[in-house]
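Participant: Following this message is one structure expressed as structure tokens.
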Amino acid sequence: MKTLYLLILFFNILSCNVMKKQEIEIIGTSENTKIGAVVISKENNEIYYLDGLKSWQENERGKLVTVTGLLSVTTTMPQEENNPIIQQIVGEKKTILKPKWKFGN
């Protein structure tokens with residue numbers, strides 16, 4: 001079982017493509033997901049995950065927020081059909097590294 005887990009992890013790492021990180025500022029709505037806190041962009045409804053922030057406080061959810069930091073875009077390919085089913089984000093995952101935020105505008 002441990003070998004199978006390591007093989008799945010290895011293939012997931014190989015299927016990821018990370019782009020160069022760049023400074024970004026996103027204005028949007030603060031929300032929580034299963035894998036962490038996000039900002040949903042006011043401009044285009046894209047989801048940006050905030051690195052290191054597990055969730056917004058209850059009184060912070062649904063608020064207008066400006067987040068700055070380094071954008072990291074990771075692309076993950078779908079898992080092979082014969083592999084065990086795992087939860088994962090397929091496609092692009094946009095993460096803001098070293099996020100700093102300010103509520104209101």
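The values are calculated or read from the model by the stated rules, or taken from the named source; none is laboratory data. Everything numeric here is computed off the predicted structure, so don't read it as measured data. Because the Cβ atoms are built from the backbone with ideal geometry, glycine has one as well, and the counts that use them run over all protein chains shown.
Participant: State which residue is modelled with the highest pLDDT when the search covers only the stretch 79-99 and only residues that are in a loop (DSSP other than H, G, I, E, B) and closer than 27 Å to Gly69 by Cα.
Facilitator: Filtering the stretch 79-99 for residues that are in a loop (DSSP other than H, G, I, E, B) and closer than 27 Å to Gly69 by Cα, the one modelled with the highest pLDDT comes out as Ile89.
Participant: Related question: Are any residues in the stretch 33-61 polar (S, T, N, Q), part of a strand (DSSP E or B) and within 15 Å of Pro99 (Cα to Cα), and if so, which ones? Quick ask: steps written out before the conclusion?
Facilitator: Let us first name the residues in the stretch 33-61 that are polar (S, T, N, Q), namely 33, 41, 44-45, 55, 57, 59.
Still in the list and also part of a strand (DSSP E or B): 33, 41.
Scanning the stretch 33-61 gives a single hit, Ser41.
Participant: Hey, among the residues in the stretch 40-80 that are hydrophobic (A, V, I, L, M, F, W, C) and out of contact with any Ser or Thr (no Cβ under 6 Å at 6 or more places or on another chain), which one's surrounded by the most Cβ atoms within 10 Å (Cβ to Cβ)?
Facilitator: Only one residue fits best here, namely Leu50.
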